[in-house]
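Engineer: I am attaching a structure below and will ask some questions about it afterwards.
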């Protein structure tokens, strides 16, 4: 797998506090990067700030001046401590939320609503409990006006691709957590998204299932050429899956560092973590992430 | 499934049946337990009815020294005799089945009107926050009125016939179903909504595929209570001013100091309500097949 060029910009004056241990895996130096037109990127967030009004009426800044871009076909993992605005980033890209300031581009166009080229796999189960597997998977094409027989044909195909053939008429509550995630994957991928957003999709699964799902995701992704933004709190998972790892600071979230992952593909998610290069990357990125995790932890204790 | 948080108990709001516990009958000893439960149920019935009857007979035997005075409180054998008389000879207003049919008709029409209006208003107001804000105080005010008090008004407006009872039953049912539908729409999982929107659902598809199915378990749970309320509406309406129906039978029996007649009418109403309840449970199990544990034995 080739390394995609990353286009990380940093506003002037933002301190770059990254421990430089290995020049080969340094985050890109902001000065050497020229600003690339957002149209060239699959996804581009430019100086995005997002504030929410809390129930008490105060303003809460979830994201502050976040700039990130993901090339077409690139797999970008986003890691950060809890409450740093990782999920908010995804809802901004998906068009479910609008940024308070800054601009979000998808395939070169500013995001104004929900873009049909986007797929979103949620952290919690978002499959429809009152629809069986087949009806869940076929929902997307039917919503989008694909003719019925064509939609069902595609649904059967996708159910087989995620390994659920024979389970078409089961309801979600009759499936295991891993199987429900497969339904969610098929439900999202059947729309053939160019942009795939994933919000800690496997966090509720046990470690073995998570690794298996990771492998399957990589397989499905390599056949699709979609850009992926994969949010996780698990750094190992991030490195094992992604082309680049983006570390977000403790809230308000902004990009702390971006690390290209130059591990060869195809990868085996369970075994790649024994590679010396993996361990090296892990140590470097963890150095960066640790301080943010500590900040977030201290804050949580004070509350 | 969420338990309703800001529930309006006054409106007879109900939470959907608990989905957590499943009753499997294949466990060892399950048959024995079932026999025991049914045996105890029967025993309880025998003790209560038998005690009552004995108490009444004791009262007569001891020359009113102690026991239960059957003149005021009736006695099971008297209730049974009254039922037999009604079935055989008809009531003072006409044949018994006609009275039941009239009351049922009022209750069912009122129930249907109340449910349809309740579901429609609940879903519309649940989806439209602006409208809900505007109408909120009025709905709360209307809900705080004991609605049985509307009976005289409907009687003036719609007359002594069936319409006034239908209106009362409909109003009682409407508020229960409305609040459940409203809450059901408001409690729809935000993730499911976001997921459907990203999958490409239009507003109408969002309603049909996410909001209504999700609210359905709330609405169906409310139907259990609301049919009972429809019967209350019909009976109270007949009670206050009617020319036919079980409510009138109660009223006539009461006015004639016929305690056994009142109890007999209550027994008839109870049987009708139980049959209706079984119908609602059947409907519920058909409509929400997707639920982890269907409300088969859990709903008492």
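The values are calculated or read from the model by the stated rules, or taken from the named source; none is laboratory data. Owing to the predicted nature of the structure, the values given are computational and were not obtained by experimental measurement. FYI the Cβ positions are ideal-geometry reconstructions off the backbone, even for glycines, and counts take in every protein chain you see.
Engineer: Do we find a residue being without any contact (Cβ under 8 Å) to a residue 24 or more places away in the chain, assigned to a helix (DSSP H, G or I) and over 20 Å from residue B:270 (Cβ atoms) anywhere in region B:74-85?
Structural biologist: No, the conditions are met nowhere in region B:74-85.
Engineer: In region A:94-126, what count of residues is obtained for those that are outside any loop (DSSP other than H, G, I, E, B) and within 11 Å of chain B (Cβ to nearest Cβ)?
Structural biologist: Residues that pass the stated criteria total 5.
Engineer: Which residues, taken from region B:185-206, are in a helix (DSSP H, G or I) and away from chain A (no Cβ under 13 Å)?
Structural biologist: Result: B:185, B:186.
Each row is one residue, and each column tells you yes or no for (1) without any contact (Cβ under 8 Å) to a residue 12 or more places away in the chain; (2) surrounded by fewer than 19 Cβ atoms within 10 Å (Cβ to Cβ); (3) more than 24 Å from the chain's Cα centre (by Cα).
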{"position": "B:201", "(1), (2), (3)": "yes, no, yes"}
{"position": "B:205", "(1), (2), (3)": "yes, yes, yes"}
{"position": "B:212", "(1), (2), (3)": "no, yes, no"}
{"position": "B:223", "(1), (2), (3)": "no, no, no"}
{"position": "B:237", "(1), (2), (3)": "no, no, no"}
{"position": "B:242", "(1), (2), (3)": "no, no, no"}
{"position": "B:254", "(1), (2), (3)": "yes, yes, no"}
{"position": "B:258", "(1), (2), (3)": "no, no, yes"}
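Engineer: Within region B:126-171, work out how many residues are modelled with pLDDT under 90, buried (at least 21 other Cβ atoms within 10 Å of the Cβ) and within 25 Å of residue B:186 (Cα to Cα).
Structural biologist: 1
Engineer: Run down B:130, B:121, B:111 and say which single residue is in a helix (DSSP H, G or I) and either touching a strand residue (DSSP E or B) at 6+ places or on another chain (Cβ under 9 Å) or within 26 Å of residue B:251 (Cα to Cα) (or both).
Structural biologist: Unique residue meeting the criteria: B:111.
Engineer: If you don't mind, another one. For region A:269-303, what are the residues that are surrounded by 13 or more Cβ atoms within 10 Å (Cβ to Cβ) and assigned to a loop (DSSP other than H, G, I, E, B)?
Structural biologist: The answer is A:269, A:270, A:275.
Engineer: Which one is surrounded by the most Cβ atoms within 10 Å (Cβ to Cβ) among residues in region A:170-203 that are assigned to a loop (DSSP other than H, G, I, E, B) and within 11 Å of chain B (Cβ to nearest Cβ)?
Structural biologist: A:190
Engineer: Now, a different point. If I ask for residues that are in contact (Cβ under 8 Å) with a residue 40 or more places away in the chain and either within 13 Å of residue B:199 (Cβ to Cβ) or buried (at least 21 other Cβ atoms within 10 Å of the Cβ) (or both), which ones from region A:133-168 would you list?
Structural biologist: Result: A:133, A:136, A:137, A:138, A:139, A:140, A:141, A:144, A:162.
Engineer: Among the listed residues A:142, A:90, A:134, A:164, which satisfies the condition of being more than 10 Å from every other protein chain (Cβ to nearest Cβ), outside any strand (DSSP E or B) and within 18 Å of residue B:210 (Cβ to Cβ)?
Structural biologist: Testing whether each residue is more than 10 Å from every other protein chain (Cβ to nearest Cβ), outside any strand (DSSP E or B) and within 18 Å of residue B:210 (Cβ to Cβ) leaves just A:134.
A quick yes/no check of all residues on (1) modelled with pLDDT under 90; (2) over 21 Å from the mean Cα position of the chain (by Cα); (3) under 17 Å from residue A:105 (Cα atoms):
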| residue | (1), (2), (3) |
| --- | --- |
| A:17 | yes, yes, no |
| A:26 | yes, yes, no |
| A:30 | yes, yes, no |
| A:42 | yes, no, yes |
| A:57 | yes, yes, no |
| A:60 | yes, yes, no |
| A:83 | yes, no, no |
